[in-house]
Structure formats: C-alpha cells, structure tokens
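Trainee: Attaching a single structure in structure tokens format; questions to follow.
The values are calculated or read from the model by the stated rules, or taken from the named source; none is laboratory data. Just so it is clear, the model here is predicted, and its values are computed rather than measured. In this analysis, Cβ positions are derived from the backbone assuming ideal geometry, glycine residues included, and neighbour counts consider all displayed protein chains.
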Amino acid sequence: MTVNDLVEPIFSHDLDVLDVADYLIEQDARRPEPDVTPLKLAKLLYLAQANYLASTGRRLFAADVEAYDNGPAVHQVWKRHAGSRQIIAAREDVSVAHVELPADVVEFLDAVWARYQDYSASQLWRLTHEQAPWKDHYVQGAFRKRIPDEAMTVYFRERVPAADRVFHANVVIMPDDFLDEDDADLFAAKFAEFTLQ
C-alpha cells in the first residue's frame, strides 16, 4: 500500500487558458513597472503548463502548447495578444478584469509568477529554446506544431532539477531513497490512521 492509494490529491485542471493568461496579466498590472509582452506571456503559460503537468499529471489549462518560431505558445492567447508591446501600459489608471480561479490554481500561479516575474521576455525565450519540449517538436516553417503533454511532463520531471521547478501545493516530493520498503509501508499505515481520524 502506498500513500497515493490512500488519498487522491485534489487538483483543479483543464481551465480556460484565457483565464490563466488574464490572471498572469493581472499580476503584472500590480507591479510598479509592468513588463509582460505577448512573448513573455507565452513563455509563462508554457512554464505553468509544463510544471503543472510534471507536478500533478494533469493539464492546468485545456489548450495545447505549440512550438512556434519564437518558442512555445498557445494559439488562442497568441491571437488575442498579437504584437510585441507590453500588454499593460505602465500607468496608474490601468483597469484589469479580476479573474476568479480555484484556490489551488491561484496558489500555483502565484508560485509560477514569483519564480519568473523578474525574467525578461528574452531571458524566458532563451530558457525555453534550450528545453527539449520545444527543440524536439519545433519544425521550421510548420504552423501550430503541438508539443505533447508527455514531452513536457517527462522533461520537467526528469531533466529539470526540483529546485528549479514549481510544484502544486498538494504535492509532496521525496527523494527515491527517502524511505526503504518497510518504512514506506509504516508511513502509509500511519498516514491512513491520521487521515481517517
């Protein structure tokens, strides 16, 4: 018996990508000097989706991530925010619609934002161009080449160090050698006692 056999963690999933994008734009609007461009937003969405997949095994948003010339992007968001200028102008009278998302997603997106908010669009471009999910699925001249969920999941679980990832709050990460088989059974039994009380 394992801990996963006892408790199925709760993960919100398959959200509308435009709501996720709007939430990130809302975070940017709160900064003294907003800097999210369509390019930066595309990379933030890819990093959010890839980290969520690797952490939970589920999609954060239902839309596909695709391999564009400028890196991973989501077509629906790319169409809405085409261009190269900042999405939010650096002024005090900015009005951004507030997006209501599930609490677990807000906590996760806040962690993604905290990790990547200070990266420039070009820094995120370089980071994502070095990663296998985009490199392995980009085809020059092809339009809307999907990056499979499995490619993002495997790459982020196996190639990105835990210290460089963002995890869902309902996920606990332990090294493979943290517990031997006898300890794992004892831990699962104690966990079951605790959760059934």
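Trainee: With surrounded by fewer than 15 Cβ atoms within 10 Å (Cβ to Cβ), hydrophobic (A, V, I, L, M, F, W, C) and at pLDDT 95 or above as the only criterion, which of ALA62, ALA111, ALA97 stands out?
Mentor: On inspection, the qualifying residue turns out to be ALA62.
Trainee: Under 9 Å between Cβ atoms, which residue pairs at least 6 apart in sequence (or on different chains) link something in segment 105-128 that is of a type in the set (Lys, Arg) with a partner that is in a helix (DSSP H, G or I) and surrounded by 17 or more Cβ atoms within 10 Å (Cβ to Cβ)?
Mentor: ARG115/LEU47; ARG115/ASN51
Trainee: Against the conditions (1) assigned to a loop (DSSP other than H, G, I, E, B); (2) closer than 13 Å to TYR52 by Cα, where does THR153 fall short? Just the number, please.
Mentor: Unmet for THR153, out of (1) assigned to a loop (DSSP other than H, G, I, E, B); (2) closer than 13 Å to TYR52 by Cα: (1).
Trainee: So, one more: So, of the residues in segment 71-93 that are of a type in the set (S, T, N, Q) and at pLDDT below 95, which turns out to be nearest to ASP104 (Cα to Cα)?
Mentor: Applying the filter and picking the extreme gives GLN86.
Trainee: Conditions first: (1) closer than 17 Å to ILE25 by Cα; (2) touching a residue at least 40 places away in the same chain (Cβ under 8 Å); (3) among the hydrophobic types (A, V, I, L, M, F, W, C). ALA169 passes all but one, so which condition is the exception?
Mentor: With (1) closer than 17 Å to ILE25 by Cα; (2) touching a residue at least 40 places away in the same chain (Cβ under 8 Å); (3) among the hydrophobic types (A, V, I, L, M, F, W, C) applied to ALA169, the lone miss is (1).
Trainee: Another question, if that's okay. Considering each residue of segment 140-157, count those that are within 14 Å of ASN70 (Cβ to Cβ) and of a type in the set (A, V, I, L, M, F, W, C), and give that number.
Mentor: Of the residues in segment 140-157, 3 are within 14 Å of ASN70 (Cβ to Cβ) and of a type in the set (A, V, I, L, M, F, W, C).
Trainee: Which of the residues spanning segment 51-69 are within 18 Å of ARG144 (Cβ to Cβ) and touching a Lys or Arg at 6+ places or on another chain (Cβ under 9 Å)?
Mentor: Selection gives ASP64, VAL65, GLU66, ALA67, TYR68.
Trainee: Small (Gly, Ala, Ser), surrounded by fewer than 20 Cβ atoms within 10 Å (Cβ to Cβ) and under 19 Å from HIS98 (Cα atoms): is that true of ALA29 in this structure?
Mentor: yes
Trainee: In the list GLY83, GLY57, which residue meets the criterion of being of a type in the set (Gly, Ala, Ser), in contact (Cβ under 8 Å) with a residue 60 or more places away in the chain and surrounded by fewer than 22 Cβ atoms within 10 Å (Cβ to Cβ)?
Mentor: GLY57
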